[in-house]
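Engineer: One structure, pasted below without further comment.
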Amino acid sequence: MSEYGIKQLFPDKVTDSSATAKNGLGVLRFEGNKEYRYVQVVDKALTAGDVACIASTADGIVTADVSGGSQVAAMARGVAVAAIASGSYGWIQTKGICTINCDGSVVTGSGLVPSASTDGVADVVDAASDAAGTEYKVFGFALTQDSGTTNGTATAYINCP
């Protein structure tokens, strides 16, 4: 079996985080059927499964703080695969199947958008009742239903910009 492309070795695992940058901000990493982006977290820490939104026009700066943070346009950049402290660096998943934190309303097949009111969680998109343009912020689809309570989790397929 032949392998194509360039293999790159990274100095860390996708579950690692650090107070100093180990990779360039915005660098993409592919492992199996999943894609990851190297980021710096601002405003508040991420926990595994948190939705990370774009927090700057500079590539690779994200936040889960939707209520008082520096998010830009409520657009998801990815989902945290492990905890990353505020001000620290680590990997978020941007494509593939993952476990995601939800607001309690997610059902199988729902389109997912970042919650407009709860930090770090996904909400379902409802073009009929949501603010205009929300349907364009869909970053994934639920493969399972969440637990029906705030801070529940669901399995989802995501594809973030």
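Engineer: Assuming a ≥ b ≥ c are the square roots of the Cα gyration tensor eigenvalues, decide whether the range 24-107 counts as rounded (a/c under 1.5), prolate (otherwise, with a/b larger than b/c) or oblate. Don't skip to the answer; put the middle values down first.
Structural biologist: On the way: a/c = 1.59, a/b = 1.04, b/c = 1.52.
Oblate, since a/c reaches 1.5 and b/c is not below a/b.
Engineer: With +1 assigned to the C-beta of every Lys and Arg and -1 to the C-beta of every Asp and Glu, and no other charges, what is the dipole magnitude of the chain about the Cα centre in debye, to the nearest 20?
Structural biologist: Details: 10 positive and 16 negative charges, 104 e Å.
Roughly 500 debye, rounded to the nearest 20.
Engineer: Additional query: Listing Thr144, Thr15 from the residue with the fewest other Cβ atoms within 10 Å to the one with the most, what is the order? Intermediate values should be presented prior to the final figure.
Structural biologist: Numbers: Thr144 16, Thr15 13.
Going from least to most buried by this count: Thr15, Thr144.
Engineer: Provide, for the chain, the number of lysine pairs with alpha carbons under 16 Å apart, each pair being eight or more places apart or on different chains.
Structural biologist: On the way: Lys7/Lys34; Lys13/Lys22; Lys13/Lys34; Lys34/Lys95; Lys95/Lys137.
Pairs that pass both the separation and distance tests number 5.
Engineer: Answer with one residue from Tyr136, Leu46, Leu9: the one whose Cα lies farthest towards the positive end of the charge dipole of the range 6-161, charges on Cβ with Lys, Arg +1 and Asp, Glu -1.
Structural biologist: Farthest towards the positive pole: Leu9.
Engineer: Could you give log10 I(q)/I(0) at q = 0.21 Å⁻¹ for the chain, computed by the Debye formula over C-alpha point scatterers of equal weight, without solvent?
Structural biologist: -1.33
Just so you know, all these numbers are worked out from the coordinates, no wet-lab data involved. Computed from a predicted structure; not experimentally measured. Backbone-built Cβ (ideal geometry, glycine too); neighbour counts: all protein chains shown.
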